[in-house]
Amino acid sequence: MRRAATWPALAAALFVLAAGALADEAYRAAVQKWRTEREARLKADGGWLTVAGLTWLKPGENGFGTGKAQAIVLPEGSAPASAGVFELRGTETPVRLAKGVAAKMAGLPLDGPAVLRPDSTDIVELGPVSLQVIERGGRFGIRLRDKNAAARREFTGCRWYEIKEDFRIDARWVPYPEPRPLKVPNILGQTETMPSPGYAEFEVGGKAVRLDGVLEEPQSTQLWFILRDQTSGKETYPAGRFLYADLPKAGRIVIDFNKSYNPPCAFTAYATCPLPPPQNWLPVRIEAGELNYGLHGGNGGR
């Protein structure tokens, strides 16, 4: 009778173990899928691996083309020596093409002068090359993307820590009564103020830590965490890493460090990356997420 009575309990235990193993495998597969998609975004036509230049505009006309005398020098063979002009007029940046030069914007032929909105989909396409106006702290520049960029051609893939479920943390969420302005520095030496609705509080290796999250847009469905930890500059990128998390529910937020990743400046010297605010410098090692990518001398994205 004793032996027979143990079978239901044993079967239940085996079922729990099997269910746990399936859940673990499903979680690992989901993280791996996310990582594969992250790498695909990097390698895409408009991905960070195609960013091949950044030129800050001077007031007035800024010529672009493959000629070495141009303010914005395009890759050899991608366009005429003189392809056109970007004119910085206060906060407006109209573009004007040289006679006989064909280009597109939003997939349509670019006919006549056009004013480009900064950090928008107003992108001038010249064959494999595209040009976009960006604005940082009142400075306007032209970001150059090249589908044939060396960084894209020579990309060897992202490197990651093994997936560790211990680093998927169910953290306590501590909201501020009202969103606080959080000062976020960037590699240009500028500081941007972003709204922080609160912080996540949790433990790593028995040590209590916290991370302040920010909202990129008022209607964002995720919080953005810009962080450093004790692996930064060793196994992971020196300037820190990024991490997104779904908005908190019922006073809890899931922080999954297995999805922490390098900023664009790990791959290109022409991004303008935000840096972790001092309160997000963690005194612990986060041995999860993306490892450093080579030692090409990148400077630390947006």
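The values are calculated or read from the model by the stated rules, or taken from the named source; none is laboratory data. Small disclaimer: the values here were computed from a predicted structure and weren't measured. Every residue, glycine as well, gets a Cβ built from its backbone with ideal geometry; the counts of neighbours run over all protein chains shown. Note: accessible area is taken over every heavy atom of the protein model, side chains too, but ligands, DNA and RNA are not part of it. Shrake-Rupley method; radii C 1.70, N 1.55, O 1.52, S 1.80 Å.
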#### Entry: trypsin sites (Lys or Arg not before Pro) restricted to segment 99-169 and DSSP loop, no more than 16 other C-beta within 10 Å
K99, R159, K164
### Task
Just list whichever of K164/K207; K33/K207; K43/K249 have alpha carbons separated by over 24 Å in the model shown.
K33/K207; K43/K249
### Query
Gain in length, D246 to A40, computed as 0.36 nm per residue apart minus the alpha-carbon separation, to one decimal in nm?
72.0 nm
### Task
Note down, for segment 20-70, the three equivalent ellipsoid semi-axes (square root of 5 times each alpha carbon gyration tensor eigenvalue), biggest first, whole angstrom.
46, 10, 6
### Query
Quick one: with all protein chains in place, what share of the accessible area of the chain is carbon or sulfur, to the nearest percent (1.4 Å probe)?
55
### Task
Among the GluC sites (Glu not before Pro) in segment 94-201, which ones are in a DSSP loop with at most 13 other Cβ atoms within 10 Å of the Cβ? Mind listing them?
E154, E162
### Query
What 222 nm value per residue comes from the helices of the chain, counting each DSSP H run with n ≥ 4 as -39,500 (n - 2.57) and dividing by all residues, nearest 500 deg cm²/dmol?
-5500 deg cm²/dmol
## Note on the structure
Counting only protein heavy atoms and rolling a 1.4 Å probe, one gets per residue an accessible area for the chain in Å² of 53
### Task
On the full set of protein chains, 1.4 Å probe, figure out the accessible area of K234 and give it in Å² to the nearest 10.
130
### Query
Ignoring ligands, DNA and RNA, how do K68, K33 rank by accessible area with a 1.4 Å probe, largest first?
K68, K33
## Note on the structure
For Kirkwood radius over Cα pairs in Å, with candidates (1) 21.9; (2) 19.5; (3) 20.1, the value calculated from the shown model is option (1)
#### Entry: Cα-Cα pairs of segment 76-123 separated by more than 11 Å (percent)
70
### Message
Need one value: the accessible area of S232 in square angstrom, 1.4 angstrom probe, rounded to the nearest 10.
### Response
10
### Summary
Cβ-Cβ cut-off under 12 Å around E76, Lys and Arg +1, Asp and Glu -1: the net charge is 0
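Could you compute Rg(Cα) / (2.2 N^0.38 Å) for segment 64-144, with N its residue count?
That ratio works out to 1.01.
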### Query
So how do M194, M105 rank on accessible area, 1.4 Å probe, biggest first, that is with the largest at the start?
M105, M194
